[in-house]
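The values are calculated or read from the model by the stated rules, or taken from the named source; none is laboratory data. What you see is a predicted model; the values in this text were computed from it and never measured. FYI the Cβ positions are ideal-geometry reconstructions off the backbone, even for glycines, and counts take in every protein chain you see. SASA here: full protein model, heavy atoms, side chains in, ligands and nucleic acids out. Shrake-Rupley method; radii C 1.70, N 1.55, O 1.52, S 1.80 Å.
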Amino acid sequence: MKFKILFLVLFSAFATISCKNETSDKNQQSQEVQAVPDAFRVTLDVVAKKNDDFCLLYTEDGSINFKDGVWQAVKGSESSQKVVFTLPQDVKPTQLRIDFGMNKEQEEIILNSFTMEYIGKSRTIGCPELVAFFRADDSKCSFDHVTGLIKPVVKEGVRQNPSLYPHESNMMPAIQKILN
């Protein structure tokens, strides 16, 4: 009987501590988002089955000479999830590229939609319209714009890291509409 009571007390204490930590983490995340209210954000709606790190690269000069980027950890899931990238506050991008991870065990990825946001304006682009804004780096992946399926290329037994490059003539005007 004493063992059951001790077990219940320990379980209750553990549950309380776990909930407090979870709430604290959520509050910290929302504070981070609120700390930069006028930053340009990109949200990907994706299915990535294994843990990975994605990168959103950007330029500010209209070129596709990507040097700067923002990394975001992605937790593997069979379900669709949102991956949010927040650019530094003073960055006004002109072109965007998405790198879909480094995990060599990552399976195919599905990109359902891509959303850009800046100070109350937003634009969501989904399948099949994604093909007007992104093209696959054919040496690293294939991209089916109807389903959003991104398949990594395997060269000599090594999985390449998939990337989607912008169609410059469509991406820049879409970004400018959000920024202005």
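Per residue, how much accessible area does the range 88-177 show when a 1.4 Å probe rolls over the protein heavy atoms, in square angstrom?
Numbers: 4390 Å² over 90 residues.
Heavy-atom accessible area per residue stands at 49 Å².
Shown here for the range 79-163: trypsin sites (Lys or Arg not before Pro) in loop regions (DSSP other than H, G, I, E, B) with at most 16 other Cβ atoms within 10 Å, namely K104. Rolling a 1.4 Å probe over the protein chains gives I150 an accessible area of about 0 Å².
Taking H as built 1.01 Å from N, whose amide H comes closer than 5 Å to the amide H of V153, not counting residues under 5 places away? So V153 has HN proximity to C141, S142, Q160. Globularity index of the range 37-120 is 1.10 (Cα radius of gyration / 2.2 N^0.38 Å, N = number of residues).
Taking the Cα centre of the range 47-180 as origin and assigning +1 to Lys and Arg Cβ atoms and -1 to Asp and Glu Cβ atoms, the resulting dipole is close to 160 debye. Rolling a 1.4 angstrom probe over the range 46-127 with all protein chains present gives an accessible area of which 45% lies on carbon and sulfur atoms.
Over the range 65-180, all Cα pairs binned in 10 Å intervals from 0 give whole-percent P(r) values of 12, 44, 35, 8, 1, listed from short to long.
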